[in-house]
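What follows is a short report on a single structure.
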Amino acid sequence: MDSGIIGLLSVLGALVSEDWGGPYYPQSRDRSIERYWSDTPYQGRRVLWLGTEGKMLWVPARYLVPIDGNIFYGDKIRELAGLVRSSSQDDPLPLRAAYGMATVIGPLDVAESIQYDDMRTWTTGDEDLDAWLADPESWLDEYAADDEHRAELQAEMEDELDEAVENNAGDLGKVSFQVRDGNHRVFGSLLGGEEGAWVLLADNQHQEVLAGRDLDAPKLIEMLE
């Protein structure tokens, strides 16, 4: 999770209330949340995520992304953060897992995040490679002495990118997860001190992954629990 989202949550969660008896999560607060026959518990730091076996992913905070245009309500996210902070490993807060879509971060994702995304920026782990990837022509204009040098630099950067992809350098090869439903639960729990979240892969993507039709299927199958 990048500084833009952290900043947003910090503003929303400022002065997290010591009184977390609000109206939003009464069943979680009272540990009376309804359990379904298909529920499997997945333990976080102080949260017990309820999900479906075989469809769950553990995603670190950095790689959790809210759905575009999601509206966060300060009182709701503050209440959830307070509930998490008041819980413990021995008495975790039960929450139903959020669902969404997973993506294995590739070079195009890195480039687009640098170009267009104010909330998060992925990286290859190398500043020059990031700059070239985001805008190759401008980078070459700055560093190339002539056309021959330009071609040499282009070839060098392509080789560096291939090596970075092979080695999963920086954010390459990591799985990012866009939360479609449950943004307050996920990001409120992070504000409350969780280091990541167990999340549920959406049914349509799960089916595509199992059928091998999703481009990221090999990586996601390894991660599903």
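Failed condition for residue 120, given (1) farther than 30 Å from residue 167 by Cβ; (2) in contact (Cβ under 8 Å) with a residue 12 or more places away in the chain, with all others met?
(1) is the only condition that residue 120 fails.
Could you list all residues from the stretch 183-210 that are assigned to a loop (DSSP other than H, G, I, E, B) and at pLDDT below 95?
At the first step, the residues of the stretch 183-210 found to be assigned to a loop (DSSP other than H, G, I, E, B) are 192-195, 202.
Within the stretch 183-210, 192, 193 meet the criteria.
Can you find even one residue in the stretch 204-212 that is crowded, with 17+ Cβ neighbours inside 10 Å, out of contact with any Lys or Arg (no Cβ under 7 Å at 6 or more places or on another chain) and over 20 Å from residue 109 (Cα atoms)?
So the first thing to find is which residues in the stretch 204-212 are crowded, with 17+ Cβ neighbours inside 10 Å, and the list is 205-206, 208-209.
Now restrict to residues that are out of contact with any Lys or Arg (no Cβ under 7 Å at 6 or more places or on another chain): 205, 208-209.
Still in the list and also over 20 Å from residue 109 (Cα atoms): 208.
Scanning the stretch 204-212 turns up at least one residue that is crowded, with 17+ Cβ neighbours inside 10 Å, out of contact with any Lys or Arg (no Cβ under 7 Å at 6 or more places or on another chain) and over 20 Å from residue 109 (Cα atoms).
Among the residues that make up the stretch 182-197, is at least one of them under 28 Å from residue 100 (Cβ atoms) and polar (S, T, N, Q)? Before you say what the answer is, go through the steps one by one.
Pass one, the stretch 182-197, residues under 28 Å from residue 100 (Cβ atoms): 182-197.
After this cut, where a residue has to be polar (S, T, N, Q) as well, the list is 183, 189.
Within the stretch 182-197 (the criterion being under 28 Å from residue 100 (Cβ atoms) and polar (S, T, N, Q)), the answer is yes, since at least one residue qualifies.
Return the only residue of 140, 201, 129, 172 being under 30 Å from residue 84 (Cα atoms) and either of a type in the set (A, V, I, L, M, F, W, C) or touching an Asp or Glu at 6+ places or on another chain (Cβ under 6 Å) (or both).
201
If residue 82 satisfies every condition in (1) in a helix (DSSP H, G or I); (2) of a type in the set (Gly, Ala, Ser); (3) over 18 Å from residue 185 (Cα atoms) but one, which is the exception?
(3)
Of the residues 171, 146, 216, which is charged (D, E, K, R) and without any contact (Cβ under 8 Å) to a residue 60 or more places away in the chain? So that I can check it myself, show each step before the final result.
Details: 171 fails: without any contact (Cβ under 8 Å) to a residue 60 or more places away in the chain; 216 fails: without any contact (Cβ under 8 Å) to a residue 60 or more places away in the chain.
Matching residue, one of 171, 146, 216: 146.
The values are calculated or read from the model by the stated rules, or taken from the named source; none is laboratory data. Remember, it's a predicted structure, so these values are computed and weren't measured experimentally. Glycine gets a Cβ as well: all are built from the backbone with ideal geometry, and neighbour counts include every protein chain shown.
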